[in-house]
Amino acid sequence: MTSVIDPGKIGVPKQTRRHVRTLTGYLPETDETGKEKWPRGEEKVWIDGTRGLDTDVPSITKSFVNHVHTSLARQAYNLDDFGAYQAAALSVRDDLIINWNDTQLHFTRKSPKRAYYLSLEFLMGRTFDNALLNLGLKEKYNDGMTKLGFNLEDLLEKERDAGLGNGGLGRFSGLLPGLKRKPGIANGSQLEAPDPWLEHDNPWELPRADVSYEVRFYGHSERLDGMKAIWSGGQEVLAMAYDTMVPGYDTKNTNNLRLWETGDYERALESSNSAAAITSVLYPNDHTSFGKELRLKQQYFWTAASLADIIRRFKNIDKPITEFPEYVAIQLNDTHPTLAVPELMRILLDDEDLPWDTAWNIVTNTFFFTNHTVLPEALENMLFLQAVEKKFPGDREKLARMSLIEEGFPQNVRMANLAVIGSRKVNGVAELHSELLKATIVKDFVDFYGQSKFFNVTNGITPRRWLDQCNPGLSNLISETLQIPKGVFLKDLYKLEGLLKYVDNPTFQKKWAAIKQSNKERLAHYVETTLGFKINTHAMFDVQIKRLHEYKRQTMNIFGVVHRYLTLKAMTPAERKKVNPKVVFFAGKAAPGYYIAKLTIRLIVNVARVINVDPDTKDLLSLFFLPDYSVSLAEILIPASDISQHISTAGTEASGTSNMKFCLNGGLLVGTVDGANIEIAEEVGESNVFFFGHLTPAVEDLRYQHMYHPVPIEEKCPALAQALNEISSGTFGDGGVYEPLLNTIRQNDYYLLTEDFDSYIKALALVDEAYQDRTEWIKKSISTSAKMGKFSSDRAIQDYAQECWNIESSKLT
Ligand SMILES: *Cc1c(COP(=O)(O)O)cnc(C)c1O
């Protein structure tokens, strides 16, 4: 990334010209009292400003049939479930579009301050069910579809999962369409194929040929005496918008998720780089300088297009540019959109002709930066160097550390430093993570700016999807027990505390347990239909689903399974009779270039092949790696879990959000004292969480010891050494291929499995013991769910709105 941030080389996005007019008589007028008067048409569409389509059952079936005949050009006599899904989706979409348009119109007229969320990842999950739920139309569509001879639940299953990204970062947050590589499993290994989400028609995404901007790469910029700067030459690429409607719950407000794709023209003025490549791969391998350049171009492409769009909207309200931060707040989700900082600076300096200080003042009052990873690969090394440096104190220059430019050949731009310097506030995503940031990565900046620039917003999850949508049985039980409509606790999750009164109530316990049981059966059915295995649903269901990464330590879990298997094998049949059966589930994707993570998947799948058919043990221990991890798969797994694993090396998991999802659904946690696990335990009580392992402050010293005073694994942790040797010996096939993975633990053990494995196995034994007393377990389950109020995404968004954006809600109705 050599000297790319030279403002002279970065482009002027221009909106392509278009001529617009107003549809005569179709805009609301404001009367003397400031009240809006909407034109009334003959249709129900224009009444009292609360426009909308009729939503009674006959109107729904009529709209459905209309879409079958017209939009789909299909016949009523040969409609399949997919066609019916499309027609139903288009019918709901009509409602969404009307609300969405009204929302845009409302914002345009009121000109409230807007917050923009720039993110490379958005894991949206399915939209149809969410739209029905948010619009309060689920029952009516259910009736309507039944009337027409279809089953709504089957239609919901036909929707493909929209997923741009990998993990919690994306869940929390739209901006880069293209062929994401989608992993599946074949022959025990992860395979990547283009994501079908992007190949098939996605009714929830609208191409906006009318919204496009030219983005320039390369070229040169000049400023003649007394004139604005002009940037020309290089390559021009058209950025075209794709919009997805995002409905709010119990409101007509429907927001917009805007993605950008390279349009169908490019003008290579000096260079022959392909524009299509810019949006074709989400995470290009950036080990090569070509990959690095492509990645940088992607990041510039969508941040430049987004900023051009934001500036265009701001200009419509006719305020001086110095008031920009009073109307616009931009949240940078991790370092991926950091180029927005120099791009806004370039616009203000070159296009707006502002002096540097004025421009910088606007920039640093507009941006806010959320760091989502304590240890992205690049920072890990830096942290470790700091640890070493602490042991061997030698004065390094503070200035060099805080510099935007990392010296070397070639020089590199430090995106994290740029994001910190260019933002008004910087936050981490859980208490521990925010404290760690201040103590390590941004320490010098805390010394420079003071504490107040840095703060914490603990992540959250939406109770609409992660309770009501994925676990309707539980949501209904809660509503019935608390005698309040679902809408109340789905909007104020603290209301779940009311359940504490019923923890000791045997009737309630029974109902609670019955719902968990039926969710386990739903998962068992899924496994049977996808993998062909029958599962004992009375076994304990133990789940670890998340992106594959060494720091998340799926390795420790699979070595734990091997250890359990060896222990069972060594028992007499009489001893085995006393063991509680357990089923272990994994799901998750590895980054395409992440060799060790892919080996881990292969190991899990091959261990499963052996133990699931071993007659001595198969009734007591089985193991599944479910392919194609997605939000929809998580929605099946999470409500079915008795226990889930969140076992990162202390200090490495920024927050985690699946931990919150499991707890909300009454699953218990086994985990390390890390990320949001800590705050979950604070809320639900430590007695309801199975903690183990070393604490964050110990990690640095342990790593130092591993580096300079290594102890052989046979001495340090014989149980783990035995599991590794069993794998090496070929018991699970593929003898030899796992050595590179096993050696990461035998040699450097950066993630400290040898330090935590014994206490991990003890924690799992405590879990087994606790599960024996089912009534106590159910009580823990209820108490956990009841205390999850803090982890609603509504609370997190409220924190951002107050601490950063300084915006208030601007409701349509
Ligand atoms: C919640 C969620 C995640 C985040 O999981 P963590 O365990 O917190 O890393 C990742 N992917 C999907 C599909 C999710 O729903």
Accessible-area value, GLU139, 1.4 Å probe, nucleic acids and ligands omitted, Å²: 150
Gain on full stretching of the segment that runs from ALA698 to ILE484 - 0.36 nm per residue minus C-alpha separation: 72.4 nm
Computed label-point distance, nm, for sites ASN101 and LEU224 using a 7 Å Cα→Cβ extension: 4.6
Extension gain (nm, one decimal) between ASP504 and TYR595, 0.36 nm per residue minus Cα-Cα: 27.8 nm
Sequence-distant aspartates and glutamates (8 or more away, or on other chains) whose Cα lies within less than 15 Å of LYS569: ASP614, ASP616, ASP619, GLU726
Separation in nanometres of the label points that stand 7 Å from Cα toward Cβ, at GLU435 and GLN772: 3.6
Å² of accessible area per residue within segment 538-774, as computed with a 1.4 Å probe and no ligands counted: 33
Overall form of segment 538-774 per C-alpha gyration tensor (a/c, 1.5; a/b vs b/c): rounded
Accessible area in the full protein assembly, largest first, 1.4 Å probe, for SER59, SER518, SER792: SER518, SER59, SER792
Cβ crowding within 10 Å averaged over residues, with 309-322, 211-224, 421-434 ranked highest first: 421-434, 211-224, 309-322
Area accessible to solvent at LEU132, 1.4 Å probe radius, in Å²: 0
Inter-site label distance for ASP81 and SER452 at 7 Å from Cα along Cβ, in nm: 5.8
Phi-based couplings in Hz for segment 447-463 (Karplus 6.51, -1.76, 1.60; Gly and Pro marked x): 4, 7, 8, x, 5, 5, 6, 10, 7, 10, 10, 5, 4, x, 10, 7, x
Estimated FRET transfer efficiency when R0 is 60 angstrom, pair MET571-LYS443 (beta carbons, to 0.05): 0.70
Solvent-accessible ranking of ILE611, ILE535, largest area first, probe 1.4 Å: ILE535, ILE611
Vicinal HN-Hα couplings computed from phi for segment 593-599 (Karplus, 6.51 cos²θ - 1.76 cosθ + 1.60; Hz; Gly/Pro x): x, 9, 4, 5, 5, 5, 4
Filter on LYS138/LYS811; LYS147/LYS252; LYS62/LYS158; LYS520/LYS716 - keep pairs with C-alpha separation over 30 Å: LYS520/LYS716
Area of ILE60 that stays accessible when all protein chains are in place (1.4 Å probe, Å², to 10): 0
Extension gain (nm, one decimal) between SER518 and ILE405, 0.36 nm per residue minus Cα-Cα: 35.0 nm
Carbon + sulfur, % of accessible area of segment 538-774 - ligands and nucleic acids excluded, 1.4 Å: 55
Segment 538-774: relative contact order in percent, alpha carbon pairs under 8 Å with at least 6 residues between: 22
Amide proton proximity set for GLY219, modelled H, under 5 Å, gap of 5+: GLY234, GLN235
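The values are calculated or read from the model by the stated rules, or taken from the named source; none is laboratory data. Quick caveat: nothing in here was measured; it's all calculated off a predicted structure. Because the Cβ atoms are built from the backbone with ideal geometry, glycine has one as well, and the counts that use them run over all protein chains shown. Keep in mind that these areas ignore ligands, DNA and RNA; they rest on the heavy atoms of the full protein, side chains included. Shrake-Rupley method; radii C 1.70, N 1.55, O 1.52, S 1.80 Å.
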